[in-house]
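Visitor: I'd like to ask some things about the structure below.
The values are calculated or read from the model by the stated rules, or taken from the named source; none is laboratory data. Since we're looking at a predicted model, the values are computed, not measured. Cβ coordinates were reconstructed from backbone atoms using ideal geometry, including for glycine residues, and neighbour counts include every protein chain displayed. With ligands, DNA and RNA removed, areas are computed over all heavy atoms of the protein, side chains included. Shrake-Rupley method; radii C 1.70, N 1.55, O 1.52, S 1.80 Å.
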Amino acid sequence: MTAIAGAAVAGLQIVTVDEVPRHGRIAALVVGLDQRQVWYVPVVHEQEACLQLKDVLNRFKGFFEAARPSKIGFNQKADYLALAAHGIQLQGIDWDLLVAAYLLNSGVRSPSLEALASDVMHRTIEGREALFGTGKTAMTCDQVEIARAAAFFGERMRVTLELQPLLQAQLVRLGNAELFRDLEMPLVPVLAEIEMAGVAVDLPYLQQVSRELYDQLRRLDQEIEDVAHGPINVNSPQQLARFLFEDLNLPGGRKTKSGYSTDATVLEGLREQHPVVGKILEYRQLSKLKGTYVDALPLLVDSRTHRVHTSFNQTVAATGRLSSSDPNLQNIPIRTEVGQKVRRAFIPGRTGDLLLSADYSQIELRVLAHMTDDPVLVDAFARGEDIHARTAAEVFGIPQPEVTANQRRLAKVVNFGLFYGLSDFGLARDTGMSTEEARVFIDAYFRAYSRVREFLEGIKIQAREQGYVETVLHRRRYIQDIRSPNRMLRQAAERIAINMPVQGSAADIMKLAMIRLQRYLQEQHLESRMILTVHDELVFEVPPAERDHLIEVVPDQMATAYPLTVPVQVDLKLGPNWQDMERVRLVAAKA
DNA sequence: CCGATCACGTA
DNA sequence: AACGTACGTGATCGTA
């Protein structure tokens with residue numbers, strides 16, 4: 001123990017029985033100082049005598065809660081969560097190989113230690129399946145013999161310790177050491193804290209919505225079956241296609257691998273042809289929302305906290321964004337009326353508290369202005385203009401007051417489409433103009449915003465010559481197929497290359513803001529909690545006494561997290577749930 | 001039981 | 001002829 005506490009650096013893994021570290025069902029600790037000094041400390045193994053968890057945690061508490069030694073691990077957010085369940089706040093989370101591997105190649109979806117050992121050290125190690133089995137017969141960690149578990153986790157720890165300096169050297173070589181140390185690693189405990197905080201959900205309300213939707217769905221189903229003269233499962237694209245394109249003889253459009261497509265765009269095109277089509281579209285929408293949110297959310301409420309605790313994944317999205325799962329709280333509906341009903345179910349956990357939502361306004365266009373230094377774009381943001389109206393004015397060559405609603409709409413589609421590598425075909429499809437008109441429109445756009453065109457061309461060249469593109473903080477994404485002779489593949493690669501620097505830079509900025517704000521809340525001993533992040537939005541749960549304090553500090557910290565050459569603007573809303581929110585403030589940080 | 005496919009929600 | 005980027009989830013369906 002003295003050796004461990006006195007070390008500068010120590011490998012650490014908290015082995016849990018189940019896959020939800022937040023539950024804190026710790027099976028063992030693994031600690032390693034070097035290749036010869038690795039300890040496996042079992043606390044839960046069936047059949048075999050183990051140490052008492054309580055005693056073990058007490059002995060290690062000082063080590064866990066000290067910033068030194070620095071801890072090296074693989075997926076340290078899980079370690080933090082498992083210990084937090086026992087009231088221990090893990091400190092010194094300095095070196096997570098999972099996070100490092102992600103920075104080194106964000107294209108690999110959730111790299112494994114096995115893959116790292118193989119790729120970096122050319123060494124084969126056992127995967128989890130070898131020890132635990134797979135599928136229905138899989139054992140949990142507590143069911144495995146201690147000796148076998150110790151050998152398995154011991155080897156992983158030795159590999160972890162051996163890999164760390166190799167990955168560090170690679171990070172330095174790529175110029176990503178600072179991004180790793182100052183952004184991604186500090187973010188690890190921030191995400192863990194958000195997950196632990198969770199979000200309260202109004203269960204009685206959701207149950208009521210579920211009943212309403214059930215009734216509506218039954219009615220729609222009946223009306224559809226009346227037309228079909230028999231039972232039909234509207235959720236089955238196969239049955240639906242047979243009904244629409246064979247029984248009703250409606251004109252089939254796009255094909256999928258297995259027949260005619262029945263997706264929303266196809267059905268929208270058939271709406272006028274038969275009254276049943278509208279009913280099908282409505283059924284689809286209600287059924288989707290009921291199944292994915294209204295009925296699924298209550299099942300994910302933790303019985304101890306009465307809240308849903310999503311997982312924020314830091315090592316999945318190739319652009320540097322976070323993703324959310326179990327449940328995915330980053331795709332809660334907002335557009336439709338039923339969707340808004342779902343949003344109303346997200347509430348503060350304590351009566352009287354409020355939800356505060358802060359979102360970056362036009363952050364991607366502002367990032368684009370920053371990266372391109374385009375004089376027109378920069379001028380528009382500097383003046384605080386309506387950016388889409390200004391774009392329309394520039395493209396149509398008219399004064400801004402004369403821009404019509406339709407012209408503004410077209411400009412908006414182009415402004416959003418830019419980041420996706422917009423084509424004349426895509427623009428035509430989204431706006432209803434011909435591809436010829438779309439081509440002219442895009443040409444006019446790039447004449448007005450020539451620096452944007454040069455920037456996008458430059459990205460493609462960089463991708464082609466270097467094989468990767470990067471964000472303002474030098475986060476990299478390697479671009480496959482960018483030199484492919486196959487035009488389809490190459491153009492797809494070009495779109496990916498164009499999208500990443502802007503989307504990824506916005507993600508960089510948001511991550512900086514999250515770190516600052518979490519630090520601030522902690523230092524000021526505030527009770528307000530950061531509970532959600534949705535790409536350009538942060539949501540907080542706020543006691544009334546802290547309301548004014550948060551209204552001051554949240555937008556200010558967000559807007560100044562990473563100063564751009566244009567003002568960064570943050571919209572602030574406050575309300576009793578995630579839907580019914582009122583704008584309270586709009587803050588623009590000077591460029 | 002699992003994976004592929006289709007469809008669809010968000011930024 | 002083509003069908004912008006990034007994600008995660010649910011239902012169905014065919015296979016093991």
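Visitor: Filter region A:296-336 down to the residues that are within 9 Å of DNA strand C (Cβ to nearest atom) and charged (D, E, K, R), then identify the one that is least open to solvent (accessible area, probe 1.4 Å).
Guide: Taking the candidates together, the pick is A:321.
Visitor: Does any residue in region A:112-130 that is farther than 20 Å from residue A:150 by Cβ come within less than 8 Å, Cβ to Cβ, of a residue that is charged (D, E, K, R) and surrounded by 14 or more Cβ atoms within 10 Å (Cβ to Cβ) six or more places away or on a different chain, and which pairs are these?
Guide: If the second residue must be charged (D, E, K, R) and surrounded by 14 or more Cβ atoms within 10 Å (Cβ to Cβ), the pairs left are A:121/A:162.
Visitor: Continuing with this model, one more query. Which count do you get for residues in region A:11-32 that are part of a loop (DSSP other than H, G, I, E, B) and open to solvent by 10 Å² or more (accessible area, probe 1.4 Å)?
Guide: Number of matching residues: 5.
Visitor: If you don't mind, another one. Has region A:337-351 got any residue that is in contact (Cβ under 8 Å) with a residue 40 or more places away in the chain, within 15 Å of DNA strand B (Cβ to nearest atom), surrounded by 19 or more Cβ atoms within 10 Å (Cβ to Cβ) and closer than 30 Å to residue A:496 by Cα?
Guide: Checking region A:337-351: not a single residue is in contact (Cβ under 8 Å) with a residue 40 or more places away in the chain, within 15 Å of DNA strand B (Cβ to nearest atom), surrounded by 19 or more Cβ atoms within 10 Å (Cβ to Cβ) and closer than 30 Å to residue A:496 by Cα.
Visitor: May I pose another question? If you check A:394, A:454, A:436, which single one turns out to be in a helix (DSSP H, G or I), touching a residue at least 40 places away in the same chain (Cβ under 8 Å) and more than 32 Å from the chain's Cα centre (by Cα)?
Guide: A:394
Visitor: Follow-up question, since we're still on this one. For region A:238-279, enumerate the residues that are buried (at least 17 other Cβ atoms within 10 Å of the Cβ), near DNA strand B (Cβ under 9 Å from one of its atoms) and part of a helix (DSSP H, G or I).
Guide: Residues satisfying the conditions are A:240, A:241, A:266, A:267.
Visitor: Something else now. Report, by residue number, each residue of region A:231-264 that is farther than 21 Å from residue A:217 by Cα, polar (S, T, N, Q), out of contact with any Lys or Arg (no Cβ under 8 Å at 6 or more places or on another chain) and within 13 Å of DNA strand C (Cβ to nearest atom).
Guide: Correct list: A:256, A:258.
Visitor: Look at residue A:278 and say whether it is within 25 Å of residue A:333 (Cα to Cα), in contact (Cβ under 8 Å) with a residue 12 or more places away in the chain and not assigned by the TED database to the domain that holds residue A:343.
Guide: no
Visitor: Output the residues belonging to region A:414-431 that are more than 14 Å from residue A:388 (Cβ to Cβ), within 21 Å of the chain's Cα centre (by Cα) and surrounded by fewer than 17 Cβ atoms within 10 Å (Cβ to Cβ).
Guide: The one that is more than 14 Å from residue A:388 (Cβ to Cβ), within 21 Å of the chain's Cα centre (by Cα) and surrounded by fewer than 17 Cβ atoms within 10 Å (Cβ to Cβ): A:420.
Visitor: Which strands (runs of 3 or more DSSP E) does region A:297-369 wholly contain that include 1 or more residues that are among the hydroxyl-bearing types (Ser, Thr, Tyr) and under 23 Å from residue A:474 (Cβ atoms)?
Guide: A:323-325, A:354-361
Visitor: Let me ask something else about it. Residue A:227 - would you say it is more than 16 Å from DNA strand B (Cβ to nearest atom), farther than 30 Å from residue A:579 by Cα, touching a residue at least 40 places away in the same chain (Cβ under 8 Å) and open to solvent by less than 60 Å² (accessible area, probe 1.4 Å)?
Guide: yes
Visitor: Let me confirm something: among A:154, A:198, which residue is of a type outside the set (Val, Ile, Thr), in contact with a Ser or Thr (Cβ under 6 Å, 6 or more places away or on another chain) and touching a residue at least 40 places away in the same chain (Cβ under 8 Å)?
Guide: A:198
Visitor: Can I ask one more? State all residues of region A:284-295 that are open to solvent by 30 Å² or more (accessible area, probe 1.4 Å), closer than 15 Å to residue A:209 by Cα and within 14 Å of DNA strand B (Cβ to nearest atom); if no residue qualifies, say none.
Guide: Answer for region A:284-295, where residues must be open to solvent by 30 Å² or more (accessible area, probe 1.4 Å), closer than 15 Å to residue A:209 by Cα and within 14 Å of DNA strand B (Cβ to nearest atom): A:285, A:288, A:290, A:291, A:292.
Visitor: Inspect all residues belonging to region A:33-52 and state whether any of them is under 23 Å from residue A:194 (Cα atoms) and open to solvent by less than 20 Å² (accessible area, probe 1.4 Å).
Guide: No, the conditions are met nowhere in region A:33-52.
Visitor: Can we say residue A:404 is more than 28 Å from residue A:107 (Cα to Cα), modelled with pLDDT of 95 or more and out of contact with any Asp or Glu (no Cβ under 6 Å at 6 or more places or on another chain)?
Guide: yes
Visitor: Among the candidates A:447, A:451, which residue alone is more than 14 Å from DNA strand C (Cβ to nearest atom), open to solvent by 70 Å² or more (accessible area, probe 1.4 Å), modelled with pLDDT of 95 or more and in contact with a Pro (Cβ under 9 Å, 6 or more places away or on another chain)?
Guide: A:451
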